[in-house]
Every structure is written in C-alpha cells, then in structure tokens.
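The values are calculated or read from the model by the stated rules, or taken from the named source; none is laboratory data. What you see is a predicted model; the values in this text were computed from it and never measured. Here the Cβ positions follow ideal geometry from the backbone for every residue, glycine too, while neighbour counts run over all protein chains shown. We work out accessible area using only protein heavy atoms, side chains counted, and drop any ligands, DNA or RNA first. Shrake-Rupley method; radii C 1.70, N 1.55, O 1.52, S 1.80 Å.
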Amino acid sequence: MRAIRVHEFGEPGVLRLEELPEPAPVDDEVLVRVQAAGVNPVDAYVRAGAYGKLPALPYTPGSDAAGVLQDGGARVYLAGSLSGTYAEYALCRRGQVHRLPDHVSFAQGAALGVPYVTAFRALFQRAKALPGETVLVHGASGGVGLAVMQFAVAAGLMVVGTAGSDAGRDLVAAQGAASVFDHRDPLHLPAACAAVGGRGFDLIVELLANLNLGDDLTALAPRGRVVVVGSRGTVELDPRDLMNSDGAVLGMLLPNATAGDVAEAHAAIGTGLRDGSLRPVVSRELPLAEAARAHRHLMERPALGKLVLVP
Ligand code: NAP
C-alpha cells in the first residue's frame, strides 16, 4: 500500500510517499481502507519534532480518517489508529472506529476525530457550558473552532466567533454565529463584548492563547471561564483581570481525556451527525502524495474548516 513515512523529524519535506506492506489485523484489531485522512496541527508539531510525546522513527502520521472496514465494508470514521492514517490502509483497535452515517461524506468523517472530541471536551467536560450562556469562539474558522460553534449552537448557547479572513468570517457567520469579528483587528474584543450587551462572555474557547489570553480575561462576564485549547508560546497577563470577574482559566489537552470522556464525546458526535446539527466543513482536499503541501497550507494559510488528504 502507499503511505506517507517520516524517517527524521523536520520540515514538511520529510513527509515522503512510500510503498509499504498492508498491515494485518490480529485479535481485536480492524483494518480500514482509508478514503480520506484529516490533517491536524498536532500532526505538524509531531513531524517537526516539537511535541511532548514523539513516535519512534520511521512512522506514518495521522490519527483522523474515514473509510470502510476491510472486513464487512461498513462506513466508519477513525479517532486514532495503530499504524497512522496518512495511508491507503490504517490498522485500528476496534474502539478507535465509529460508525459514519451514510449522509456524511468520507472527507467530512476525516474531520471528526480530533476537532470534534476536542470541541465537546472544551465546551461541556471542561467549561460545563449551559444553554443560554454566551460563548466567544476565539479562532472559529478552523477545524476545532467550527466544531465548537456547531456544538454550542445546538446546545442553545449564544455564539460569537472570530476569523482572520473574509472567507473565514463568512463561513463562521453561516454556522449560526450571532456576530463575527476579525481577530487581526486590535479592537475586536471590545467590539465583541459590545455585541453581547457589554456584559462580557460566560465562556471563551481560546484557540491561540499566547496572543489572546491576557485580553480574554478582560472580556469575561461574572464567573466566566476561558478554556485554553490552542497556544503557540507564552503570554503576559494581569491576574487582577481574572479576580475582577471571579473568572477561571481552564486548560485541556486531548490525551488527558479518560476513556469515559472520549466515549461520551463520540456518543454526542453520533447524535449530532444523525440530527444534522454537526456538519463538518471540508474546504480543501489534496492527494495523499501532497502531504507536505498540506502541512504548509495548514500552518500558513487562513483556516477554512478542514483540510483532508485523499489516498
Ligand atoms: P486550524 O484548523 O489550523 O485553525 C486555526 C485557527 O486559529 C483558525 O480559526 C485561525 O483563524 C485561528 N487563529 C489564527 N490567528 C488567530 C488569532 N490571532 N486569534 C485567535 N485565533 C486565531 O487548527 P485547529 O485544528 O482548529 O486547531 C486550533 C489550535 O488548537 C491549534 O493550535 C491546535 O494545535 C490546537 N488543538 C489543541 C487541542 C488540545 O487537546 N488542547 C486539540 C486540537 C487542537 P484564521 O486562519 O481565520 O486567522
């Protein structure tokens, strides 16, 4: 089978297409014929060697995908795999595959694992979001941000989103945001607060904390919570801003989720896919051989939902 292999950590050019033997499942393992593989920022951090836990070399990147079970042909999406998803086939534990409804495309299925489990965990397991609360999705145009928006709208929260491009803001508006702002505009946060009556936000889901966390603390409603999902560096903040709102900053990292947390998230994803409230947005599909280009796009271009690789 064709698969992307990484023999050394480094720039996107280390992602190389190679021919490998098809993996053979044993015990409770299953083999999935991959139809689309999701590209996540963590794949790029690992490829660069800039992540806490690194795989042994060589390895095949990727944890998200959708495809069909080799045994029986059922449509599934993958949240994790044993062999890596940037490949024609992925070996998985049975618990890593979940049913993909017929009306959800394989490309959409590849957008589910990391983004939607992260979104569910941030909103409901960490921040305990409640219907009627206001939420600022600070970085709403990407894979995780759009998933947060869809879960929040479905749960009856009032959602405000931000994006850095016109196309991103249009996309966020189309997901049901009450208002949308440009996070590149230095005055976007006061404007976003004004859009919710000047009270501030009950909840902020933060996708780039190193740039925004200090200012987020000034935009919280009484007893508001910031959930830090993404950060690419350090940040300066004034603790007094947090004291003023009786606020809280909550961190989250997906691997910290318990098996029960993950099962609860996939149950919610299944329900949302079936009732139509969750509709993954895929705006770019690239051939598997162009994995290096996909990683460059992911880190350099404005986000517009999900980028997937097609074997
Ligand atoms: P993505 O699809 O590449 O999206 C990145 C998002 O960040 C886009 O919405 C982008 O908006 C936004 N952004 C850019 N500049 C920003 C700014 N100044 N303020 C606020 N947002 C800004 O990536 P993703 O999959 O959604 O992941 C987002 C982040 O979460 C990444 O850092 C990722 O590593 C992290 N993450 C963490 C966990 C965890 O377990 N904690 C899990 C998944 C992801 P524009 O492009 O429109 O400017």
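Key figures
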item	result
Cβ-Cβ under 7 Å pairs, at least 6 apart or on other chains, the stretch 125-143 side more than 6 Å from the ligand (Cβ to nearest atom), far side in a strand (DSSP E or B) and charged (D, E, K, R)	A127/R225; E133/D202; T134/D202; V135/D202
The stretch 32-42: number of residues that are open to solvent by 10 Å² or more (accessible area, probe 1.4 Å) and more than 9 Å from the ligand (Cβ to nearest atom)	2
Output for the stretch 159-186, where each listed residue is in contact with a Phe, Trp or Tyr (Cβ under 9 Å, 6 or more places away or on another chain) and within 16 Å of A219 (Cα to Cα)	V160, G161, T162
Some residue of the stretch 160-179 being in the same structural domain as G247 (by TED's automatic domain parsing), part of a loop (DSSP other than H, G, I, E, B) and within 11 Å of V205 (Cα to Cα)	no
Search result, residues across the stretch 146-171 that are under 16 Å from Y116 (Cβ atoms) and open to solvent by 10 Å² or more (accessible area, probe 1.4 Å)	F151, V153, A154, A155
Residue satisfying condition, being under 27 Å from V249 (Cβ atoms), over 17 Å from the mean Cα position of the chain (by Cα), open to solvent by 10 Å² or more (accessible area, probe 1.4 Å) and of a type outside the set (D, E), within set G52, G143, G139, G72	G52
Matching residues, the stretch 76-117, being among the basic types (K, R) and either in contact with an Asp or Glu (Cβ under 7 Å, 6 or more places away or on another chain) or part of a loop (DSSP other than H, G, I, E, B) (or both)	R93, R94
Qualifying positions in the stretch 196-212 - under 24 Å from A147 (Cβ atoms) and touching a residue at least 40 places away in the same chain (Cβ under 8 Å)	V196, G200, F201, D202, L203, I204, V205, E206, L207, L208, N212
Residue among A257, A289, A294, A248 that alone is touching a strand residue (DSSP E or B) at 6+ places or on another chain (Cβ under 7 Å), of a type in the set (A, V, I, L, M) and within 16 Å of the ligand (Cβ to nearest atom)	A294
Complete set of residues in the stretch 1-29 that are among the charged types (D, E, K, R) and more than 20 Å from Q96 (Cα to Cα)	R2, R5, E8, E11, R16, E18, E19
Complete set of residues in the stretch 11-29 that are in a loop (DSSP other than H, G, I, E, B) and on the phi < 0 side of the Ramachandran plot	E11, L15, L20, P21, E22, P23, A24, P25, V26, D28
Considering residues of the stretch 213-229 that are more than 17 Å from H188 (Cβ to Cβ) and touching a residue at least 40 places away in the same chain (Cβ under 8 Å) only, the residue nearest to the ligand (Cβ to nearest atom)	V229
Yes/no for A119 being assigned by TED's automatic domain parsing to the domain that holds R232 and out of contact with any Gly (no Cβ under 7 Å at 6 or more places or on another chain)	yes
Scope the stretch 181-193; condition open to solvent by less than 70 Å² (accessible area, probe 1.4 Å), aliphatic (A, V, I, L, M) and free of Cβ contacts under 8 Å to residues at least 12 places away in the same chain; matching residues	A191
Failed condition for D28, given (1) modelled with pLDDT under 95; (2) surrounded by 21 or more Cβ atoms within 10 Å (Cβ to Cβ)	(2)
Any hit, the stretch 15-37, residues being of a type outside the set (D, E), more than 23 Å from the chain's Cα centre (by Cα), outside the structural domain of V229 (by TED's automatic domain parsing) and within 17 Å of R296 (Cα to Cα)	yes
